[in-house]
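The values are calculated or read from the model by the stated rules, or taken from the named source; none is laboratory data. Predicted, not measured: the structure shown is a model, and the values here were computed from it. Glycine gets a Cβ as well: all are built from the backbone with ideal geometry, and neighbour counts include every protein chain shown.
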């Protein structure tokens, strides 16, 4: 048996990494001959226009927009729709959507419910967090961890459950890169302007770099006003470009000397893979297991154990002074080829459906 009909549940089309990867997988699964439906609370968010191919989109009526307790309302409303859609598999594309799982299990015949783990499943040091996670995911039939470290965490917390490691695809179009300069330092930062990503640390790192270093920041979020104020306080106005949302990142990567990641935690930052695919080294806080699998050579970048801006600045300087190898960094991104990643998901879906 195959998972012929796949239902993806999305709150909306926000411009986040989780949503972007989900839409890419949806298009690839549809091209592989599967019926793919996206059931969303709202079509707002900006990424709807990027969805191509024969993927069907159904919006709840009335729409459920993000807000306090919105995921609870979203789960109940989607649960009432699942029975009519009759999917073989329901795919929840990240931790944010985990709260929908139990409300979706009422369909008959019951589809396999898959949850992708895109970040550490529970915050460290929070009492009863593991118990709560077990409760809200009791209806999940399979967990797809973005890297082996997350898979180990899940296996320790959920013994006996179906847990696999499935890397996210990396989508990078061909683009000519600019020669790296040892006099100037063009740093790129990509992400939502939210506390998890800690964009303010990127500004402090730029200040610690000094000289003619420049920082380009791609993304939007609730911290934008704080960042703009901090740029003025640190007197970095002439050295920081806030580009907001962009339709493609390749041109920005092509003109950068390094990608800087300052997150507190990540599941598997796709931007790191995308940077390596364009021969751009990565300097990051120690925020993801995946980075330890990726940054295997001095030329590929550095993982910085502390959150001290001076340490991040020193790592950026070390990467800048590193002599690139003839073969480049692209081979490190090869395991994340989109078609292969999409097929790996489909093979797993089929095995779950076949074994009931």
Long-range neighbours under 6 Å by Cβ, at least six apart or interchain, first residue under 13 Å from residue 332 (Cβ atoms) within segment 296-310, second assigned to a strand (DSSP E or B): 301/282; 301/283
For segment 315-356, how many residues are under 17 Å from residue 147 (Cα atoms), surrounded by fewer than 17 Cβ atoms within 10 Å (Cβ to Cβ) and touching a helix residue (DSSP H, G or I) at 6+ places or on another chain (Cβ under 7 Å)? 0
Answer yes or no as to whether residue 292 is under 21 Å from the mean Cα position of the chain (by Cα), closer than 22 Å to residue 146 by Cβ and exposed (fewer than 15 other Cβ atoms within 10 Å of the Cβ). yes
Exclusive hit being assigned by TED's automatic domain parsing to the domain that holds residue 161, over 21 Å from residue 171 (Cα atoms), without any contact (Cβ under 8 Å) to a residue 40 or more places away in the chain and buried (at least 19 other Cβ atoms within 10 Å of the Cβ), set 113, 90: 113
When you look at residue 195, is it under 22 Å from the mean Cα position of the chain (by Cα), within 25 Å of residue 20 (Cβ to Cβ), loosely packed, with under 15 Cβ neighbours inside 10 Å and modelled with pLDDT of 95 or more, yes or no? yes
Would you be able to say whether some residue in segment 51-67 is touching a strand residue (DSSP E or B) at 6+ places or on another chain (Cβ under 9 Å), modelled with pLDDT under 95, buried (at least 16 other Cβ atoms within 10 Å of the Cβ) and under 28 Å from residue 340 (Cβ atoms)? yes
Which residue is nearest to residue 264 (Cα to Cα), if the candidates are limited to segment 305-314 and must be surrounded by fewer than 23 Cβ atoms within 10 Å (Cβ to Cβ) and touching a strand residue (DSSP E or B) at 6+ places or on another chain (Cβ under 9 Å)? 307
Got a number for residues in segment 29-74 being part of a helix (DSSP H, G or I) and closer than 19 Å to residue 16 by Cβ? 6
Residues in segment 311-332 that are in a helix (DSSP H, G or I) and free of Cβ contacts under 8 Å to residues at least 12 places away in the same chain total 3
Only one of (1) modelled with pLDDT under 95; (2) surrounded by 24 or more Cβ atoms within 10 Å (Cβ to Cβ) fails for residue 254. Which number is that? (2)
Of the conditions (1) crowded, with 18+ Cβ neighbours inside 10 Å; (2) in contact with a strand residue (DSSP E or B) (Cβ under 7 Å, 6 or more places away or on another chain); (3) in a helix (DSSP H, G or I), the single one that residue 274 does not satisfy is (2)
Would it be correct to say that residue 47 is within 24 Å of the chain's Cα centre (by Cα) and modelled with pLDDT under 95? yes
Could you count how many residues in segment 199-220 are part of a loop (DSSP other than H, G, I, E, B) and either touching a strand residue (DSSP E or B) at 6+ places or on another chain (Cβ under 6 Å) or under 22 Å from residue 251 (Cβ atoms) (or both)? 4
Going by the structure shown, is residue 108 loosely packed, with under 14 Cβ neighbours inside 10 Å, at pLDDT below 95 and over 21 Å from the mean Cα position of the chain (by Cα)? yes
